[in-house]
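For reference, the structure is listed below as C-alpha cells.
The values are calculated or read from the model by the stated rules, or taken from the named source; none is laboratory data. Because the structure is a prediction, the values reported are computed rather than measured. A quick note on method: Cβ atoms are made from the backbone with ideal geometry, for glycine too, and the neighbour counts reach across all protein chains shown.
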Amino acid sequence: MTNTMTKPSEVAQEPQNNRAMNPVAAWHRHRGLKGALFSLPFFALFLFSFILPFLYALWESLFVLKYSGLGLDGPHPRFAGLTQYARAFRDAAFWSGMGRVALFTCVATPLIMAFAAVEALLLDAAKRSAKKAYRFLLLVPYMVPTIVSTLVWVYLYSPDIGPLKRFFALLGFSVDFFSPQLLWVSMANLLLWVNVGFNMLIMYGSLTAIDPSLYESARIDGASELRIAWSIKLPMIRGTLLLTGLLSMIGMLQLFDQPLLFRSASPQTVTANFTPIMTIYNYTFSAGGDYNYAAALSVVLALVIAAISAVVYGVTNRKGK
Amino acid sequence: MAQQFMKPRYGKAADGSSTAARSRASKWSRPGVLIGLVLLTFYSIAPLWWLVVSVTKSRVELYNSSGLWFGSQNHIVENFRQLFTYEDGIFFRWMGNSILYAGVGAIVCTVISIAAGYSLSKFEFPGKKIEMALVMVSFLVPTALLTLPLYLLFAGMHLTNTVWAVLIPSFVNAFDVYLAKEYIDGTVPDELLEAARVDGAGELRIFGQIVVPMLSTPAATIFILTFVLQWNNFYLPITMLRGSDKWTLALGLYSFMQTKQSSLFDPTTIALAGSVVSIIPLAVVMILMQRFWRSGVALGAVKG
C-alpha cells in the first residue's frame, strides 16, 4: 500500500486536517521498519554471538565452584562476588604471561611496522613494470594458512631437519632456536614473515594515493629520494601507520596459535601458561575445567587490552599533532 | 587506481642538478631499491621453497640431506599416498570440513552483511544509532576474548562439538557490515530507490533486483576476506571441536605435530605433504580474486 502512494511532498502540501503530516511520517516510519528488517539477521546473530557471550562470561565470573557436603554429587557453582577477580589479580603465572606478551608486543610491533614501511616504500619506488610482480611475491606469505606458516618455520628452526641450524653451524655458531634466549627472536621472525606483507599492502595503498606533484616540488628543492621518503611519504601515511600498528598490536596481545605450535616443538621452554590466552585455554580444558576462573581472566584480559589500545591511540595521536 | 598516477621516474628529476645530494640519490636509489626488493622477495619465498623441496624427500633423506635442494630420488608420490591413507583418509574429511566451514561461513556472512549494510545505509529506524555504534566498537574487541565466553554459552546449549559451534560465529563480522555500508553509501543513489518505489516495487524486490546486482564488488570482497579468516581460524575450532571427524585442516596439521612428541611414529613427512595441500585451495581462491581482497584491505585501512 505504501508503495502505491504518491510522493510524500505532495501529500504534505495538502493539509486537510491536523493529522495531515501523519501519513507522511507513518509512511517513512513504516518504510524505516521494513528497512530495519534487512539488518535483523545480522543484529540477531551479533547479539547471540557477541553480546550474549560477553554478558554470560561476566555472569559466570561471579561464581566459584564449591563442593557441598561430602562432595559426592560434584561441585556446585556458588555466588562469590568478585572473588575470582581478586584471585586473578594475585595470579603470578597469568601476569607474567601478560608481561611477557606485552614486552614482546612492544618490541615486535614497531619492528614489523618498520619492515612493512620499508617494503612499501621500496615497492613505491620500483619500476612501474616490476611493481605488480614484486607486490605479488611479497604477498605470498599472506596467502599461506597461519598454521602452515608456523609449521614450516618450526621445521626450519628444528635441529633435526631444519637447514637454519646447519647454516649457522657453517658460520661457526651453534644456535638453538627454541632456547629461552632465542625463542622470542624465533617467534618474532615468524610473525614478521606472516604479517609484513599484509601491512605492506595497506601502506602501499596509502602511498599510491599521495599526489606525486608533492615529490616533484621537493625534488626541485634538491631533496634526495631518501629524504622525500622520510619527510613526505611517511608523514603523509601517518594515519595508516597508526591504524595498522594498533591492529597488529591488538592481534599480538592475543598470541595463541604460534606459541601453541612452538610448544609442541619445545614444551619445556613454552609453558602451558606462556601467554594470557593460553592460560585461559589451559584453565578451561586442562586444569580441571575451571570455567568461572577462565571467564574472569577473559574479562581482565579484555580490560587490559582495551586500556593499552586507548593509551597507545592517545599517545601516538597526540605526538603527531 | 595506482596506475592512474603517472609517477615520475626516479633519477629523472635529478637530471641536470649540480648538488652532490641529488646526484648521489639518482645514482644509488635505483640499484638500492632493486637490491632491497630482491632480498625481501627472497625472504618471503625461501621458506616455501624449503617446503616444496622437502615434500619430495623420503624420511631418511629429510633428516640427512641439505634442505635447500632436492634429494637423490623423488619421494613425493609416496608422501602424498601416506597422507591420503592416514587413518582411512581422514585428511579428506578435514579438507571437506575446512571447505564447509570457510565456504558456507563466508557465503552466509556475505549475504547477512550486505543486507545489514543496505539497511544501515539507506533507512532510518529507531535503534540504528546503537546498532552502528555496536558495529564500530566491536572492531576493537579481540575475537579471541569472545571465544571462551562463546564456548561457555554453547556448552550450556549443547552446541559445542557440532558444526554450528564453528559456523554461527563465522556468520557475524562487523567489519564486513561496515564495508558493505560504506560501499552502498557511495554507489547506490537514493533517487534510484525512490524511483523504484514510485513504480510500485516492494522493498524486498528493490533489494534483490536493483541493489544486489550493483554490489558484486563488495560481495566478492567480503566473501574472500571472510573465507581467508575462517580458513585460518584455529582458536575457535580447537576450543569448540573435540572429535577428529569434525576437525579442520589446521587442527589436523596441529595433531600431526602433537603426535611427534608422544609416540614413535614420526608424522613429519605427512605433515609436510598436508601443508602443501592446505596451501593450495587458499592460494587458488586468493590469486583468482586478488582484485577484490586488495581493494577490501585498502578500503578498510583508509576508512577504518
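If you go through the range A:114-165 and keep only what is polar (S, T, N, Q) and closer than 15 Å to B:LEU37 by Cα, you end up with just A:SER129. Among the residues of this structure, A:GLY222 counts as one that is facing another protein chain (nearest Cβ under 7 Å) and farther than 19 Å from B:LEU62 by Cα. Scanning the range B:180-196 for any residue that is surrounded by 21 or more Cβ atoms within 10 Å (Cβ to Cβ) and either away from every other protein chain (no Cβ under 12 Å) or of a type outside the set (A, V, I, L, M) (or both) turns up at least one such residue. Report whether or not A:SER309 is within 30 Å of A:LEU151 (Cβ to Cβ) and hydroxyl-bearing (Ser, Thr, Tyr). No, not satisfied.
Listed by position, the helices (runs of 4 or more DSSP H) enclosed by the range A:213-314 that each have at least 3 residues that are of a type in the set (Gly, Ala, Ser) are A:213-220, A:238-253. Restricting the range A:136-163 to residues that are more than 7 Å from chain B (Cβ to nearest Cβ) and among the hydrophobic types (A, V, I, L, M, F, W, C), the residue that is farthest from B:VAL276 (Cα to Cα) is A:PHE136. When A:LYS233 is tested against the conditions (1) at pLDDT below 85; (2) farther than 30 Å from A:VAL148 by Cα; (3) surrounded by 15 or more Cβ atoms within 10 Å (Cβ to Cβ), the lone failure is (1). Per the listing A:ALA114, A:ALA120, the residue uniquely touching a helix residue (DSSP H, G or I) at 6+ places or on another chain (Cβ under 7 Å), of a type outside the set (Val, Ile, Thr), more than 9 Å from chain B (Cβ to nearest Cβ) and in a helix (DSSP H, G or I) is A:ALA120. Looking across the range B:157-172, just one residue is out of contact with any helix residue (DSSP H, G or I) (no Cβ under 9 Å at 6 or more places or on another chain) and at pLDDT below 90, and that is B:MET157.
On the stretch given as the range B:105-162, residues that are among the hydroxyl-bearing types (Ser, Thr, Tyr), within 10 Å of chain A (Cβ to nearest Cβ) and surrounded by 23 or more Cβ atoms within 10 Å (Cβ to Cβ) total 5. Filtered by the rule that a residue be small (Gly, Ala, Ser), surrounded by 16 or more Cβ atoms within 10 Å (Cβ to Cβ) and assigned by TED's automatic domain parsing to the domain that holds B:ALA165, the range B:57-104 gives B:SER98, B:ALA102, B:GLY103.
Across the range A:177-194, the qualifying residues are those that are at pLDDT below 90 and within 14 Å of another protein chain (Cβ to nearest Cβ), and the one among them that is farthest from A:LEU164 (Cα to Cα) is A:PHE178. Among the residues of the range B:89-131, those that are under 26 Å from B:LEU236 (Cα atoms) and free of Cβ contacts under 8 Å to residues at least 60 places away in the same chain comprise B:GLY89, B:PHE92, B:GLY96, B:VAL111, B:GLU131.
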